[in-house]
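Structure first, then comments.
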Protein chains: 2
Amino acid sequence: MDSLEFEHMEAVCSSKKETEYLSGELIIKERTQIREFTYLKSGLVKLFKSDPSGSEQIITIAKPMDYVSLLSVFSNDTYNYSVTALEDSVTCTLDLENLRVMMRENGELALSLLQKMSRAADRIIIDTLEIRKKHLRGRVAYLLLYFSDHVYFSSEFDLPLTRKEMAEYVGMTTENVIRSLSEFRKDGILKIYGKTIHIVNMETLKSIAEFG
Amino acid sequence: MDSLEFEHMEAVCSSKKETEYLSGELIIKERTQIREFTYLKSGLVKLFKSDPSGSEQIITIAKPMDYVSLLSVFSNDTYNYSVTALEDSVTCTLDLENLRVMMRENGELALSLLQKMSRAADRIIIDTLEIRKKHLRGRVAYLLLYFSDHVYFSSEFDLPLTRKEMAEYVGMTTENVIRSLSEFRKDGILKIYGKTIHIVNMETLKSIAEFG
DNA sequence: CGCGGCTTTGATGTTCATCAAGTAAAGTGG
DNA sequence: CCACTTTACTTGATGAACATCAAAGCCGCG
């Protein structure tokens, strides 16, 4: 959200509460009651859905100022996904009932929330379709570029996800994520030191992400 | 939307306009300016995104009282998907600027819109993840059950989609949609007369949809 | 130091897309 | 309304993409 909306909401809400989480900690557990509206103040988190069988699918990754209690907040009474911290993170929570009252009284606030929620949902849907079209190498490239271009703003960064999580994000197996990464390394597109990624040949990676 | 929201919006909007479309007609063209808020009054439509290369991906299918100008409305100034009628349909459009003004003045309206939009987006995301997990036969089964359980409320119905469109919806090839259908027929799960589908063995189909 | 989780690579088999070719159905123009 | 063209549907054969299985190295942590 931009700073205007942000201040707007802060001003409007008396019941703001901050909570710190360590990397790996569970922030929201699916199927629990939604009582609060949550956004991310700092850090990085993943939103995901897990199966009875234990497997997980990552829906999206949320950055500071993103709403963590995504869509379900206003449509459901329980979460249908979980959230855990990928890095040490701080969340802000507002009492949901309180926020609802505010929105009823203040259409401007409601409209700006609607706008922001729409943007987030839209991006998830578009990205999912985009990823579905691609072959495995293209998916991995797309993911690396996401971190490079939209999260860390650098061609060198530490992956906040394990290989397994990367696989869960783009719908492939861990082994094939690794294979794709290894191929990129062999082709001189990347340098890899464990979780540290250095994108050497950005152009090639971009064309793989687009056409692969 | 439920009838309360519905009346609410009707009452609030002076500029309502109805438009009829024949099956196959384009209702919204992606990348065009969004000027109106549109919902479906009767019929059935598909929302889809198309590639430079000409291929299409179906995002979802909208039923009467669903919002057709889905998420983009409040987050974008242009549509990032197209809409065409799958059956003869009637849409209702409201002037978007007008609606925005109403929402600012009327938080209750804004909140109810937010709720409804959230529900729709949520369903799309969940369904997409659900489909991604499944094998081809499971995807086709899932799709058939969607029509049976949520659109036509009958075990016998006419598919509103071509085989190709079914493929575009669930992310597989036309040939494999057909192959799955043929297999279901051979296994005595379906009877197929062109576009008419009769689900004979509902239980088996459900278990394929769930575990396939 | 040893255990468990994460990572990596190779070998194997399955699932699926692609290609090809033919039939049926649905428009289209004379 | 009929010949003609196009679009939709169907089946089979082939190969490519991908998941699965297996085994080993690595790293952090108790």
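The values are calculated or read from the model by the stated rules, or taken from the named source; none is laboratory data. Since the model is a prediction, treat every value here as computed from it, not as a measurement. Note that each Cβ is placed from the backbone with ideal geometry, even for glycine, and that neighbours are counted across all protein chains shown.
Within region B:170-189, the set of residues being near DNA strand C (Cβ under 9 Å from one of its atoms) and among the basic types (Lys, Arg) comprises B:179 only. Note on region B:121-161: residues that are outside any helix (DSSP H, G or I) and in contact (Cβ under 8 Å) with a residue 12 or more places away in the chain total 9. Picking from residues in region A:59-105 that are without any contact (Cβ under 8 Å) to a residue 60 or more places away in the chain and of a type in the set (Val, Ile, Thr), the one that is nearest to the other protein chains (Cβ to nearest Cβ) is A:73. Among B:118, B:182, which is the only one that is outside any strand (DSSP E or B), among the hydroxyl-bearing types (Ser, Thr, Tyr) and either on the phi > 0 side of the Ramachandran plot or surrounded by fewer than 16 Cβ atoms within 10 Å (Cβ to Cβ) (or both)? Answer to the check: B:182. Which condition breaks for residue A:207 when tested against (1) more than 25 Å from residue A:48 (Cβ to Cβ); (2) without any contact (Cβ under 8 Å) to a residue 40 or more places away in the chain; (3) within 11 Å of DNA strand C (Cβ to nearest atom)? Looking at each condition in turn, residue A:207 falls short on (3).
In the condition set (1) more than 27 Å from residue B:122 (Cβ to Cβ); (2) more than 14 Å from DNA strand C (Cβ to nearest atom); (3) among the aliphatic types (A, V, I, L, M), residue A:151 is compliant with all but (1). Just for region A:41-55: of the residues that are touching a Lys or Arg at 6+ places or on another chain (Cβ under 9 Å) and at pLDDT 95 or above, which one is nearest to the other protein chains (Cβ to nearest Cβ)? The residue in question is A:45.
A quick yes/no check of all residues on (1) under 16 Å from residue B:59 (Cα atoms); (2) over 16 Å from the mean Cα position of the chain (by Cα); (3) within 11 Å of DNA strand D (Cβ to nearest atom):
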| residue | (1), (2), (3) |
| --- | --- |
| B:142 | yes, no, no |
| B:155 | no, yes, no |
| B:160 | yes, no, yes |
| B:165 | yes, no, yes |
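Consider residue B:162 carefully, then state whether it is within 14 Å of chain A (Cβ to nearest Cβ) and surrounded by fewer than 22 Cβ atoms within 10 Å (Cβ to Cβ). Criteria not met by residue B:162.
One residue alone among A:189, A:178, A:199 is within 12 Å of DNA strand D (Cβ to nearest atom) and in contact (Cβ under 8 Å) with a residue 12 or more places away in the chain, and that residue is A:178.
The lone criterion from (1) more than 30 Å from residue A:47 (Cβ to Cβ); (2) in contact (Cβ under 8 Å) with a residue 40 or more places away in the chain; (3) of a type in the set (D, E, K, R); (4) in contact with a Leu (Cβ under 8 Å, 6 or more places away or on another chain) left unmet by residue B:183 is number (4). Residue B:31 satisfies every condition listed in (1) in contact with a Cys (Cβ under 8 Å, 6 or more places away or on another chain); (2) surrounded by fewer than 16 Cβ atoms within 10 Å (Cβ to Cβ) except (1).
Mind counting the residues in region A:106-132 that are at the interface with chain B (Cβ under 7 Å from one of its Cβ atoms) and hydroxyl-bearing (Ser, Thr, Tyr)? Adding up the residues that qualify gives 2.
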